[in-house]
């Protein structure tokens with residue numbers, strides 16, 4: 001009887017173990033558009049975000065969307081809903097599946113309405129990079145007033161990827177400098193001349209660090225009509241004055257930049273407020289250009305709406321060849337805290353062709369060994 005009971009217990013244990021393994025395997029999926037929970041069981045709150053890879057760990061930073069969604073009077077004309085700013089979140093992961101909440105690494109200011117980080121202001125698209133020379137973690141972000149008239153970039157630093165970050169201040173980049181390749185006729189343009197004096201408008205943005213450690217700031221400028229690329233100083237805390245106008249009059253925002261096989265890829269969306277639109281894609285052999293625009297990389301149902309989402313970053317997967325993840329937000333403009341995340345694998349074909357296909361669920365095995 002003891003032998004039979006022992007065998008039954010063994011079978012039950014093995015069954016439970018297999019069941020647990022199956023559940024673990026099943027949960028190790030990326031499910032675009034679903035509710036994603038952190039390791040504490042809470043909703044991941046990291047919108048408009050970016051990814052830092054440091055010491056074999058992924059750090060995901062994003063806008064914290066909490067509280068009531070409302071439309072300020074100054075933004076009603078274009079439907080600019082918002083929540084009051086609460087800070088920048090950070091999550092860490094070894095596998096891009098299980099995310100541990102590391103805290104609010106750039107808390108807001110509640111007692112000074114004039115401060116860039118006051119709850120009434122705009123803090124969007126935080127991107128963090130590591131400076132190997134200074135051993136500092138540097139965060140750049142879009143800083144704005146509630147009506148989006150400030151159009152500036154803010155910077156903060158930390159000694160640790162999990163913060164806290166110390167806010168330094170904001171600027172409109174490159175005041176007193178003309179863009180590369182500017183003509184004498186362009187200098188007579190009233191708007192460009194004003195930008196020369198006051199600095200360039202800077203809204204949606206990303207930071208790209210090249211293989212040589214040089215960092216570049218991409219941002220929507222000139223009332224979001226033209227994209228700019230600007231070189232950052234060696235410590236990544238300011239601009240050198242070297243910048244160039246890209247995609248003139250193409251109205252792009254939500255930029256994401258990555259590099260593959262020596263070529264640079266630029267992804268973005270059009271400017272249609274909260275409403276989704278076709279993804280933009282361009283490629284260049286030099287980061288300063290010339291850039292060649294390609295077709296919308298999205299393929300399949302809702303491809304013309306970027307699968308009802310907007311780009312924010314491209315993740316290079318550690319240890320993978322041609323392993324890149326398109327990272328996007330599915331905004332819920334009426335309840336911003338319920339906005340979801342769309343992550344999809346990027347596929348590469350002949351020459352410079354790029355495609356992004358919808359998957360209800362997928363895992364990193366899609367990239368192979």
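The figures follow:
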item: Subset of segment 162-181 [surrounded by fewer than 21 Cβ atoms within 10 Å (Cβ to Cβ), assigned to a loop (DSSP other than H, G, I, E, B) and touching a strand residue (DSSP E or B) at 6+ places or on another chain (Cβ under 8 Å)]; result: 162, 164, 172, 176, 177, 180, 181
item: Selected residue [crowded, with 17+ Cβ neighbours inside 10 Å and over 16 Å from the mean Cα position of the chain (by Cα)] from 44, 30, 97; result: 30
item: Residue in segment 272-281 that is more than 26 Å from residue 334 (Cβ to Cβ) and outside any strand (DSSP E or B) present; result: no
item: Residue in segment 239-255 that is more than 27 Å from residue 183 (Cα to Cα), in a strand (DSSP E or B), in contact (Cβ under 8 Å) with a residue 40 or more places away in the chain and under 17 Å from the mean Cα position of the chain (by Cα) present; result: yes
item: Count - residues of segment 100-123 that are surrounded by fewer than 21 Cβ atoms within 10 Å (Cβ to Cβ) and touching a residue at least 60 places away in the same chain (Cβ under 8 Å); result: 4
item: Residues satisfying the stated conditions in segment 70-83, i.e. touching a strand residue (DSSP E or B) at 6+ places or on another chain (Cβ under 9 Å) and crowded, with 17+ Cβ neighbours inside 10 Å; result: 81, 82, 83
item: Residue 264 closer than 19 Å to residue 53 by Cβ, buried (at least 20 other Cβ atoms within 10 Å of the Cβ) and over 15 Å from the mean Cα position of the chain (by Cα); result: yes
item: Members of segment 217-238 found to be assigned to a strand (DSSP E or B) and closer than 18 Å to residue 280 by Cβ, listed by number; result: 218, 219, 220, 221, 226, 227, 228, 229
item: Unique match (being buried (at least 17 other Cβ atoms within 10 Å of the Cβ), within 20 Å of residue 254 (Cα to Cα), in contact (Cβ under 8 Å) with a residue 60 or more places away in the chain and within 20 Å of the chain's Cα centre (by Cα)) among 87, 50; result: 50
item: Test: residue in segment 187-206 that is surrounded by fewer than 22 Cβ atoms within 10 Å (Cβ to Cβ), on the phi > 0 side of the Ramachandran plot, under 21 Å from the mean Cα position of the chain (by Cα) and modelled with pLDDT of 95 or more; result: no
item: Conditions (1) more than 17 Å from residue 50 (Cα to Cα); (2) surrounded by fewer than 21 Cβ atoms within 10 Å (Cβ to Cβ): number failed by residue 279; result: (2)
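The values are calculated or read from the model by the stated rules, or taken from the named source; none is laboratory data. Because the structure is predicted, anything quoted here is derived from the model rather than measured. Methodologically, a virtual Cβ is constructed for each residue, glycine included, from the backbone with ideal geometry; neighbour enumeration extends over all protein chains shown.
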